[in-house]
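This report refers to the structure that appears directly beneath it.
The values are calculated or read from the model by the stated rules, or taken from the named source; none is laboratory data. A quick note: this is a predicted structure, and the numbers were derived from the prediction, not measured. Positions of Cβ are generated from backbone atoms using ideal geometry, with glycine treated the same way; all protein chains shown enter the neighbour counts. SASA here: full protein model, heavy atoms, side chains in, ligands and nucleic acids out. Shrake-Rupley method; radii C 1.70, N 1.55, O 1.52, S 1.80 Å.
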Amino acid sequence: MIMDNNICLITGANSGIGKAAAIQLAQLGFYVLIGSRNKERGLSAVNDIKDKSKSDLVELIEIDMSLKASILTATKQINDRFKKLDVLIHNAADFDLSRKKPILTNEGIETIWATNHIGPIFLTIQLMDLIKKSEQGRIITVASQGLMLHPRLTIDLKDPEYKARNFSVSKAYYQSKLAQVMYTYWLAENLSDTLITVNCIRVTNVKIDIKRYPNLSGLMKFMYSIKSLFSISPDEMAKTYMYLATSPDLNRTTGKYFNEKNKIVNSSAYSKDEKNIEELMNLTMKYLE
Ligand SMILES: NC(=O)c1ccc[n+]([C@@H]2O[C@H](COP(=O)([O-])OP(=O)(O)OC[C@H]3O[C@@H](n4cnc5c(N)ncnc54)[C@H](OP(=O)(O)O)[C@@H]3O)[C@@H](O)[C@H]2O)c1
């Protein structure tokens with residue numbers, strides 16, 4: 001039964017946009033693997049997604065995107081059980097604005113850098129053989145419209161983990177999202193002799209469930225409530241995830257950056273520079289050795 005369906009893995013699919021996309025993909029008949037780092041939250045989401053999509057083709061994959069060990073365990077399970085993977089959506093991200101200083105994972109990497117940049121690349125590598133078995137595999141990365149407020153942002157190649165410079169969640173988050181945009185261009189180029197496409201989504205302001213972030217200060221909660229007045233719903237944003245995951249119009253479209261209206265948009269000059277991309281990826285590969 002599984003082989004007859006298109007199969008998709010979405011990381012961080014137990015809430016927000018990832019969960020909304022999971023419901024829409026399940027409604028279309030996809031077999032949807034719900035990546036979640038927490039079993040309880042993941043199972044609760046799986047039940048809700050099954051209920052809302054009226055599909056039983058939904059299952060939990062426990063995966064913590066900040067940890068290579070967790071990614072290896074999860075991908076072993078996926079590689080053992082499935083014969084192909086059609087769509088991989090790197091949706092999970094760490095952006096808890098209440099954090100005051102860098103926190104290292106138990107593998108010793110700053111958590112935002114590990115979750116939002118290193119983890120997705122390691123996950124893609126572990127699943128690449130399976131994606132190659134799809135008729136037309138699609139890899140989707142997720143960045144942020146907020147990058148437009150930082151057009152001169154660069155990756156600090158000497159200190160991506162804020163060991164020696166002042167840390168803020170916002171700075172670390174946008175650095176990691178810029179790195180994902182650049183990784184998208186690099187991977188698309190590297191896979192240009194295959195049918196696999198790689199595209200990135202520029203997520204706009206989307207309502208978040210503020211209860212998920214209990215440690216935010218009163219001021220931050222107030223700012224989020226104001227921001228939510230100008231935000232679209234996770235369901236709306238998930239339509240772009242669907243477009244990139246399923247539209248036949250995009251069979252041959254790769255290495256592009258899409259906004260919430262499904263339009264191709266530009267990223268910064270820095271992010272498109274081949275030398276900058278090569279330097280970033282050289283640095284990234286050292287984390288994967
Ligand atoms: N909302 C916006 O305005 C906005 C704007 C720009 C970009 N984005 C991007 O859109 C994507 C989805 O965000 P959202 O708005 O849907 O927020 P969300 O509801 O907070 O979803 C984030 C998801 O990532 C998961 N996650 C965090 N760290 C993880 C880890 N180490 N391993 C596995 N999963 C992890 C969370 O799981 P837990 O439940 O375990 O925390 C959650 O499922 C993210 O990539 C975000 O950067 C959002």
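Using a 1.4 Å probe on the protein heavy atoms, what percent of the accessible area of segment 154-235 belongs to carbon and sulfur?
57
Using the Kirkwood formula over every pair of different C-alpha atoms, what hydrodynamic radius in Å results for segment 61-216?
Value: 16.6 Å, from the Cα pair sum.
Extent of segment 232-286 along each principal axis, from alpha carbon coordinates, in Å, largest to smallest?
Between the extreme Cα coordinates on each principal axis of segment 232-286 lie 36, 27, 23 Å.
Using a 10 angstrom cutoff on alpha carbons, build the Gaussian network for the chain and name the most mobile of Leu157, Leu43, Leu25.
Largest GNM mean-square fluctuation: Leu157.
In whole Å, how far is the Cα centre of segment 19-82 from that of segment 221-289?
Comparing the Cα centres of segment 19-82 and segment 221-289, I get a distance of 21 Å.
To the nearest 20 Debye, how big is the dipole of the chain about its Cα centre, given +1 on the beta carbon of each Lys and Arg and -1 on that of each Asp and Glu?
In debye, rounded to 20, the chain gives about 720.
Measure of size requested: the Rg and Dmax of segment 7-48, with Cα atoms as the atom set and Å as the unit; please supply both.
Every Cα atom of segment 7-48 included, Rg and Dmax give 9.0, 26 Å.
Can you tell which of Ser225, Ser192, Met128 lies farthest toward the positive end of the dipole of segment 101-245, using +1 and -1 charges on the Cβ of basic and acidic side chains (Lys, Arg; Asp, Glu)?
Ser225
Along the principal axes of its C-alpha atoms, what lengths does the chain span, in descending order and rounded to whole Å?
52, 44, 38
Which residues does the label zone of Leu288 cover in segment 145-188, counting backbone N under 20 Å from a point 7 Å along Cα→Cβ?
Residues 155-161, 175-188 qualify, since their backbone N sits under 20 Å from the label point.
Quote to one decimal, in nm, the extra length available between Lys52 and Asp209 on full extension: 0.36 nm per residue of separation minus the C-alpha distance between them.
Length difference between fully extended and current span is 54.7 nm.
Ranked highest first by the average count of other Cβ atoms within 10 Å around their residues, in what order do 170-179, 127-136 fall?
170-179, 127-136
Looking at segment 1-155 only, what percent of DSSP beta bridges run antiparallel? Nearest 5 please.
Counting only bridges with both partners in segment 1-155, antiparallel ones make up about 5 percent.
Using just the Cα positions, wrap segment 147-239 in a convex hull and report its mean projected area in square nanometres, one decimal place.
8.5
Please give the per residue accessible area of the chain, computed with a probe of 1.4 Å over protein heavy atoms only, in Å².
With the other protein chains kept in place, the chain gives 48 Å² per residue.
How much mean residue ellipticity at 222 nm does the chain get from its helices, if each DSSP H run of length 4 or more adds -39500 (n - 2.57) and you divide by all residues, to the nearest 500 deg cm²/dmol?
-13000 deg cm²/dmol
How big is D, in µm² s⁻¹, for segment 77-169 by Stokes-Einstein at 20 °C and 1.002 mPa s if Rh is the Kirkwood radius over C-alpha pairs?
Rounded, D is 139 µm²/s.
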